[in-house]
Every structure is written in structure tokens, then in C-alpha cells.
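Colleague: Can you keep this structure in mind? I'll have questions shortly.
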Amino acid sequence: MHELLLQTFLNATYAASYIALVAVGLVLIFGVMGVINFAHGELYMLGAYGVVAVYVGAQQSFLLAVAVGLMFVGLVGLLMERALFRPLRDNPLSGLVASIGLLLILQALAAIFFGVRMEHIPPVTQEVLRFSDGVSLPLQRLFVIVAAIVLLTGLWMFLKRTRFGWALRASAEDREAAQLQGISVTRIAQLAMVIGAGLAGVAGALTAPLVRVYPYMGHSVIVTVFIVIIVGGVGSLEGAVIAAIAYAFVHTFVTTFFDGVVADIVGLLLMLMVLVVRPTGLFGARDRA
Amino acid sequence: MKNLKNFGGSFSRRRLLAGANALSVSLLSSGLFPRLARSGEPIKIGFLAPLTGEVAAWGKPGLDGCLIWAEWVNALGGVKLGNERHNIEFVAYDNEYDPGKARTGAAKLIREDGVQFIMMLGGDTWPGVQPVAERSGMLVSTLLPSDLTPDTTTLIAPAEVHPIYNVTGVEWMAETFPNLKSAVICAQDDALGLPSLATYLAAFEAEGIELQQDPLLFDPATTDFAPIVTKMLSSNPDIVSLDTCYSDYVHPICEQLFQQGYEGKVISCTADFYEQIIEKTSKEFMEGFIFQFPDFDDPALNDPRVNFKDPNDFFREYNRRYPGEWGAVSWEYASIMDLWKEAAEKAGSAEPEKVLAAMKSGGKGAHAFGEANWWGREFFGIDNALVGNWPVVVIEDGKARVKAYKSIPDWYDRHGELLIRHMEALGQMYYQRG
């Protein structure tokens, strides 16, 4: 039982790591631009296909593939801001609809270029840390956990300690007031899109050897992430991280001690409970990006 | 008023008959009913399966196999109906495993393309096609006999009796490894996973293999299988059964089993693209992995009882054209075409009704793995499944090898009640399905 609890803890830590990366990216985009980006799951998918192209296709190192995934998806985010969200800035609903359209386009493009079948990504390493009989952590999973901690800590420091970070938080808090202070809302929106998309891309790239990589893989991730940001409070970065940890632990423990279908139901019940008790989410109104 | 008068004035019994006649002709020509191929014209066969999306692995490789089949058959003169020869032409429609699209596809294949026979994967897509098939009398095949009910008179399951053949793997395993006595099982919670789960439960019970925990059902949208594997391994089982998980699940589950240190036996319905699983785990880990679908370069398929024509050449040609794409269904749709061709030639017609009658005459048929019986009255409410032997396949030194052919009807004669009990418990008998 002791081993089972420890192994489940490690499984949940991994799940919390990649969910938090994706959720924080989505929250950042929403906080600054006021747009719910439905195509965020597809940015995660693009990051994974970056690994397929660079690590599997071009036979380059995995780390280079992750870096390419991050930069490429960040660039896609920048293009999304310019081509989709900026022209529709005054109408968040249009932005949402446009992101749904983009979601379908990105899925179709992935299917055209890579096919619809699950990609085979050879393991980066088969090393496994064995703590005791029945408790182990594959090194690939440890990469994801460490990368999530480093990236999220880096983001936190960027937001709290740099002028760009302050400007970004100010824009998220009150766009008009930020503009009156001389902050370029357009430039901040671009920055938010690059960082938000890049986080989704890097999550996709890091987890690519561990998950099913196929054109529609963003769907299940975005559902989980929406639950997480609703629980955490739409627009709250801290809320997204805490809710990702809470959701991942609840889901993983329920899956292990009951089953996966029950875990999905419990995850949704968790969201409903939070909405009933605190409609703005755990950190919704008082602590935004 | 004038028009009405004119209409009434010109309306007569002769005009009524002429109109009815014209209507019949136009209905026939518009394709509400299957069109017959004229002399020398190719016979069109519909291929209505998922060619894209998550279930494409059980559609697209089958179409690829059929194209090779058609090329080979046409090169030998095609299908001989009476004194006339016809080439075979496949018309594919991607239903994306969606019932609505399957319905549209069936209507299009029948009305616009004039196909004489439709092959499907079945499952969730069959309810969409059923009304169209019933109205038109179209002969349709499915790979999933759980689609069969007493009402599906033109639906046949001539290639595989999924999931019942899974009993042969468990039976062989129990005979070969009698010391393996405890098992766990996981399955996706859907129309493929649940009947297969009932089958494995019955097969384990029949062999005295004890299930150590309740079957672990997971959402088909699951991305991380670590918690599922952790739970399964927590009871230290001799056997892990992967049920009929899609290949997209078999791969990550095997990888997790490997990473979490499992060293016991794994049994699964399929192991598509198993070379990739070996690359993600190790040859040693996959040694002895039991499943149900052979590679067709296996020497055991040259057994004279096997009816599939030139299996080794077929496998070679398939891999030459589609390297790395061989899967569980690569040969199955082509084997159905063997059966259809034989029946059509026997009937001297491609008309669905006549082909079906010829196919089922005598109650026996030439299944890919040997002579088989049209079966299923008790289990499906209709004898439209072709059931006989099925191979048990084991990975040895990194390669799939047929270890035995086991009889499904023999197992059913001994343990049929068990199977029905477990199917009923999961609501999977034909009279329980909605």
C-alpha cells in the first residue's frame, strides 16, 4: 500500500506538471487578451509534432526538438495574435469563434503533413529511477517535472521582477489604465501570445515521447485544461497552477483506487462544486495575472 | 382552375400505369436499389470504413489490402458471372467512425456509385447504415459481429468473430502455462472494449484464472496510462490482459508496464505495429506476448486448411507498397472479398440477395483460417457469423508467430453459458443492446 501511494504520487506529479504548463499558457492569453483560445490544445499538438519533425524526422537531439517546438509554437502564437485576435480585439466572441476555426485548420494541416495515425517516437531514454520495489520514475517523466518547475518559476520571476512582466500584469488587470500609463497593449498581447503558445508547445514537445501523438490529441488536453482554469479562476496564473496540481492529484488517485471513468466524473464534480461555492473559481476575482 | 380541369381531364388508367412504370424505372436508375453491372462493366464494391481519425488503423490498412486483392483478381480476369467476366472496382468512403457520415456514405455508395456489396468496420457506425441497408436490401459485411441481431438479415460477419476468438488465446495460454493463475484486465469503456471484456472474463473463469481486481475501465480520451498500470500492477498479477484496446492504447500501456517493472505475461486482442512497441520497451519484455493477429509471412499460414490465397506473397506485396503499415485488418477485408467472389461466381450474379444465398448455402463457408460454420443463432439471434478456427499468435525473438489454431465452436460448446452470463452482466447480448 505504501508503494502504491508513492507511485501514485509520482504519477500525479508528472500529470500536474504538464497540465500546469498548458493551463498557465491559456490563462495568460485570456488574462491579457480576453480571448478564450480554443485552439490552445492544438498548440500543444504542434509542439509534439515539432518533436516528430526534428527528433524523429531530422534525427536531431531531443533537446533541440523541444527548443524548436517552443520557438515554432511561439511564432504560431504571434501569427495568431496578428492575423486573428488583433483584428477581432473588440469582440471576444469573434476571437473565440476564430480560434475554433483555427483549431480545425491546424488539425487538418497536421493530418495532411503527418497522416492521421499515431506517431511512433522512440524513447529518449529508457532509464528509470527505482526508489523501491513498485516505486519508479522514468527519467523522461522526470524531465517533464523539472522543466515545468523551471519554466513556471522563470515565468513567475519574469512577471514579478521585470518591467515587461509588470506591463503584462497591468494589461491583464485593466487594459485601458495600462494604455494610459503608456503601455503598448498590442506589444503586450504579442508577448502574451508568444509565451502562452510557447508554454503549450513546450508541454507538447516534452511529453511527445510519453503520449499518443496524433492530429486530434489536443482535444483531451484542452478539456482537462478548461476544467483546471475554471477551478483555479479564469485569468489567475496562481489559480491555474494550484488547480492543475489539485486536479491531477484527484484524477490520478481516483483512477488508481477506482477507475478512469469515475475519475473523469469526479473531475467534473470538482469543477461544479467550485462553481457553486465560488463562481469565479478559487482565485478568480482577486488575483489575476 | 383551368389547370386542374386539364389535369383531371387528361388523367386516365393508362397514364397512371405509364406514370408508375416511369417512376419505377427512375427509382431503379436513381439507385434506390442496387444496379446490376452490364457485360464487361466492372462490379463496384463499397468500402465504408474509417480512413481518417482515431479508428483509421482498422479501416485504411484494410482498403490498402483490398486494392492489392482487386489488382490480383483483375489480372486473372476478374469475377466470372455466368459466361461474363467483370473486373472489381472498389469505391471508398471515409466514415470517420461517425454514424451520420456512415449513413451518408452508404446512401452515396448505393445510389450514386451503384455498388453491389459494402464492407464496413461496423461498431458505432452500423446503426447509421442499418436503415439504408434494410431499405435497399444491400449486402453489408462487418468486422464486428456484435452488430448482428435477428433484424440484420443482410449483414454478415464473415471475417472475424470479435471478440469471441479471444478465448482461443486464453485457452492456449492456460494449456501452455498452467502455473499462471491470476490476472488483471483493463479496457476502454466503449462498444469494442466491453464485449471483449466479457469474453476475457469468461475465458479466464473457464480456465480457473482468478481476476485479482475489478476490470479497470478507462475513458477513450485517456492520455496518461501510468495510473492505470500502477493500479493493475498493485495486485502483482501473473497475467495482464489488454482486452481489445486500440493500438493507440496498447503501445503506451505496454511502455508503462515495462517502465514500472512488470515481468509477467501480457495477453491482448491485437498488437498492431508491435515492432514499435519493442522499440519502446525491449525484445525481452515483449517475448511471449500473446495476441490474435498473425503476420502473413508466417509459415504456419501455408497450412492447407488456410483458405487465404498466397498469404506470404500478399504480406510481401503489402509491405512493399505500404512499409510499416501492416495491421490486424490488412488482410481481413480482402478475405471477405475471397468469400464474396466465390459466392458471386457460384450464384452467377452479383445481386446481393443471390450472393448471400450462395454464400450461406450448406451452412458452411471457406473462412480465411479454414472451413467454418455460419453460426450465431443463440449468441446474435441470427446465423450470420462465419465461425471456425482462429490463430493464437505469440511474439518470439521480436517476431509474431502462429503457435496454434484453436476452435472457437469447440470452446463455445464447452463454455458458452459462461460467455453469455458475462455478456449479459455487461449488457452486451443482442437483446440488451439499444
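Colleague: For A:LEU103, indicate whether it is within 17 Å of the chain's Cα centre (by Cα), surrounded by 15 or more Cβ atoms within 10 Å (Cβ to Cβ) and either within 14 Å of chain B (Cβ to nearest Cβ) or under 22 Å from A:TYR49 (Cα atoms) (or both). Please lay out each step first, then the result.
Modeller: Details: within 17 Å of the chain's Cα centre (by Cα): yes; surrounded by 15 or more Cβ atoms within 10 Å (Cβ to Cβ): yes; either within 14 Å of chain B (Cβ to nearest Cβ) or under 22 Å from A:TYR49 (Cα atoms) (or both): yes.
For A:LEU103, the condition - within 17 Å of the chain's Cα centre (by Cα), surrounded by 15 or more Cβ atoms within 10 Å (Cβ to Cβ) and either within 14 Å of chain B (Cβ to nearest Cβ) or under 22 Å from A:TYR49 (Cα atoms) (or both) - is met.
Colleague: Criterion first (of a type outside the set (Asp, Glu), in a strand (DSSP E or B) and in the same structural domain as B:GLN116 (by TED's automatic domain parsing)) does B:ALA334 satisfy it? Lay out the reasoning, then the answer.
Modeller: Details: of a type outside the set (Asp, Glu): yes; in a strand (DSSP E or B): no; in the same structural domain as B:GLN116 (by TED's automatic domain parsing): yes.
So B:ALA334 does not fit the description; no.
Colleague: Scan region B:206-236 for residues that are more than 8 Å from chain A (Cβ to nearest Cβ) and buried (at least 24 other Cβ atoms within 10 Å of the Cβ) and report the count.
Modeller: As a first pass, look at region B:206-236 and keep what is more than 8 Å from chain A (Cβ to nearest Cβ): B:206-213, B:215, B:220, B:225, B:229, B:232, B:235-236.
Then drop every residue that is not buried (at least 24 other Cβ atoms within 10 Å of the Cβ), which leaves B:225, B:229, B:232.
Adding up the residues that qualify gives 3.
Colleague: Shifting gears a bit: Against the definition (surrounded by 18 or more Cβ atoms within 10 Å (Cβ to Cβ), modelled with pLDDT of 95 or more and over 20 Å from the mean Cα position of the chain (by Cα)), how does B:ALA344 come out, yes or no?
Modeller: Details: surrounded by 18 or more Cβ atoms within 10 Å (Cβ to Cβ): yes; modelled with pLDDT of 95 or more: yes; over 20 Å from the mean Cα position of the chain (by Cα): yes.
Taking the combined requirement at face value, the residue satisfies it.
Colleague: Exactly one condition in (1) touching a helix residue (DSSP H, G or I) at 6+ places or on another chain (Cβ under 7 Å); (2) away from every other protein chain (no Cβ under 14 Å); (3) buried (at least 23 other Cβ atoms within 10 Å of the Cβ); (4) more than 23 Å from B:LYS60 (Cβ to Cβ) is not met by B:ILE239; state its number.
Modeller: Going through the list (1) touching a helix residue (DSSP H, G or I) at 6+ places or on another chain (Cβ under 7 Å); (2) away from every other protein chain (no Cβ under 14 Å); (3) buried (at least 23 other Cβ atoms within 10 Å of the Cβ); (4) more than 23 Å from B:LYS60 (Cβ to Cβ), B:ILE239 breaks only (1).
Colleague: Just to verify a result, which residue in region B:242-265, among those that are in a loop (DSSP other than H, G, I, E, B) and among the small types (Gly, Ala, Ser), is surrounded by the most Cβ atoms within 10 Å (Cβ to Cβ)? Even if it seems obvious, please write down each step before you answer.
Modeller: Narrowing region B:242-265 to residues in a loop (DSSP other than H, G, I, E, B): B:242-246, B:260-264.
So of that shortlist, the ones also among the small types (Gly, Ala, Ser) come out as B:261, B:264.
Values: B:GLY261: 13, B:GLY264: 16.
Per the criteria, the residue is B:GLY264.
Colleague: Looking at B:LEU81, B:LEU48, which one is among the hydrophobic types (A, V, I, L, M, F, W, C) and under 15 Å from the mean Cα position of the chain (by Cα)? If you could, list the steps in order and put the result at the bottom.
Modeller: Working: B:LEU81 fails: under 15 Å from the mean Cα position of the chain (by Cα).
Going through B:LEU81, B:LEU48 in turn, just one is among the hydrophobic types (A, V, I, L, M, F, W, C) and under 15 Å from the mean Cα position of the chain (by Cα): B:LEU48.
To keep it simple, each residue is scored yes or no on (1) under 30 Å from A:THR125 (Cβ atoms); (2) touching a residue at least 40 places away in the same chain (Cβ under 8 Å); (3) of a type in the set (A, V, I, L, M).
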position: A:VAL52; (1), (2), (3): yes, yes, yes
position: A:VAL56; (1), (2), (3): yes, yes, yes
position: A:LEU64; (1), (2), (3): yes, no, yes
position: A:ALA67; (1), (2), (3): yes, no, yes
position: A:LEU79; (1), (2), (3): no, no, yes
position: A:ARG82; (1), (2), (3): no, yes, no
position: A:SER94; (1), (2), (3): no, no, no
position: A:SER99; (1), (2), (3): no, yes, no
position: A:ALA110; (1), (2), (3): yes, yes, yes
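Colleague: Given the criterion part of a loop (DSSP other than H, G, I, E, B), touching a residue at least 40 places away in the same chain (Cβ under 8 Å) and exposed (fewer than 14 other Cβ atoms within 10 Å of the Cβ), identify the matching residue among A:PRO122, A:PRO87. Break it down stepwise before answering.
Modeller: Working: A:PRO87 fails: touching a residue at least 40 places away in the same chain (Cβ under 8 Å).
Just one listed residue meets the conditions, A:PRO122.
Colleague: Among (1) buried (at least 24 other Cβ atoms within 10 Å of the Cβ); (2) within 11 Å of another protein chain (Cβ to nearest Cβ), which single condition is A:ILE29 missing?
Modeller: Here A:ILE29 clears every test but (2).
Colleague: Continuing with the same structure: Among the residues of region B:397-405, is there at least one that is of a type in the set (Phe, Trp, Tyr), more than 18 Å from the chain's Cα centre (by Cα), at negative phi and not in a loop (DSSP other than H, G, I, E, B)?
Modeller: Our first condition is that a residue be of a type in the set (Phe, Trp, Tyr); within region B:397-405, this holds for B:405.
Those left that are additionally more than 18 Å from the chain's Cα centre (by Cα): B:405.
In the following step, the residues that additionally are at negative phi were identified as B:405.
Add one more test, that the residue is not in a loop (DSSP other than H, G, I, E, B), and what stays is B:405.
The answer is yes, given that some residue of region B:397-405 is of a type in the set (Phe, Trp, Tyr), more than 18 Å from the chain's Cα centre (by Cα), at negative phi and not in a loop (DSSP other than H, G, I, E, B).
Colleague: A further question on this structure: Restricting to region B:153-205, what's the tally of residues that are open to solvent by 10 Å² or more (accessible area, probe 1.4 Å) and touching a His at 6+ places or on another chain (Cβ under 7 Å)?
Modeller: 1
Colleague: Can you find, within region A:186-211, the residue that is nearest to A:VAL241 (Cα to Cα) among those that are open to solvent by 10 Å² or more (accessible area, probe 1.4 Å) and either away from chain B (no Cβ under 14 Å) or touching a Ser or Thr at 6+ places or on another chain (Cβ under 7 Å) (or both)? First the steps, then the outcome.
Modeller: Restricting attention to region A:186-211, the residues satisfying the condition of being open to solvent by 10 Å² or more (accessible area, probe 1.4 Å) are A:186-187, A:190-191, A:194-195, A:199, A:206, A:210-211.
This time we only want the ones that are either away from chain B (no Cβ under 14 Å) or touching a Ser or Thr at 6+ places or on another chain (Cβ under 7 Å) (or both), so: A:186-187, A:190-191, A:194-195, A:199, A:211.
Working: A:THR186: 26, A:ARG187: 25, A:GLN190: 22, A:LEU191: 20, A:VAL194: 19, A:ILE195: 16, A:LEU199: 13, A:VAL211: 21 Å.
Only one residue fits best here, namely A:LEU199.
Colleague: Assess whether B:ASP272 counts as being assigned to a helix (DSSP H, G or I) and either touching a residue at least 24 places away in the same chain (Cβ under 8 Å) or over 29 Å from the mean Cα position of the chain (by Cα) (or both).
Modeller: On the way: assigned to a helix (DSSP H, G or I): no; either touching a residue at least 24 places away in the same chain (Cβ under 8 Å) or over 29 Å from the mean Cα position of the chain (by Cα) (or both): yes.
Answer is no for this residue.
Colleague: Using the structure shown, decide if A:ALA172 is under 22 Å from A:ALA53 (Cα atoms), open to solvent by less than 70 Å² (accessible area, probe 1.4 Å), away from every other protein chain (no Cβ under 14 Å) and touching a residue at least 24 places away in the same chain (Cβ under 8 Å). Before the answer, list the steps.
Modeller: Details: under 22 Å from A:ALA53 (Cα atoms): no; open to solvent by less than 70 Å² (accessible area, probe 1.4 Å): yes; away from every other protein chain (no Cβ under 14 Å): yes; touching a residue at least 24 places away in the same chain (Cβ under 8 Å): yes.
So A:ALA172 does not fit the description; no.
Colleague: Restricting attention to region A:140-169, which residues are within 14 Å of another protein chain (Cβ to nearest Cβ) and either farther than 14 Å from A:SER17 by Cα or open to solvent by 70 Å² or more (accessible area, probe 1.4 Å) (or both)?
Modeller: Matches in region A:140-169: A:PHE143 only.
Colleague: Can you pull out the residues in region A:240-269 that are surrounded by 23 or more Cβ atoms within 10 Å (Cβ to Cβ) and in contact (Cβ under 8 Å) with a residue 40 or more places away in the chain?
Modeller: A:ALA240, A:VAL241, A:ALA243, A:ALA244, A:TYR247, A:ALA248, A:HIS251, A:THR252, A:THR256
Colleague: Still on this structure, please answer the following. Considering (1) at pLDDT 90 or above; (2) over 24 Å from B:THR52 (Cβ atoms), say which one A:LEU93 fails and leave the rest.
Modeller: Among (1) at pLDDT 90 or above; (2) over 24 Å from B:THR52 (Cβ atoms), A:LEU93 violates only (1).
Colleague: So, B:ILE408, is that one aliphatic (A, V, I, L, M) and touching a strand residue (DSSP E or B) at 6+ places or on another chain (Cβ under 7 Å) or not?
Modeller: Working: aliphatic (A, V, I, L, M): yes; touching a strand residue (DSSP E or B) at 6+ places or on another chain (Cβ under 7 Å): yes.
Against the criterion (aliphatic (A, V, I, L, M) and touching a strand residue (DSSP E or B) at 6+ places or on another chain (Cβ under 7 Å)), B:ILE408 qualifies.
The values are calculated or read from the model by the stated rules, or taken from the named source; none is laboratory data. On a predicted model such as this, the values are computed, not experimentally measured, just so you know. For neighbour counting, all protein chains shown are included, and Cβ atoms are generated from backbone atoms with ideal geometry for every residue, glycine included. Just the protein is used for accessible areas: all its heavy atoms, side chains included, with ligands, DNA and RNA removed. Shrake-Rupley method; radii C 1.70, N 1.55, O 1.52, S 1.80 Å.
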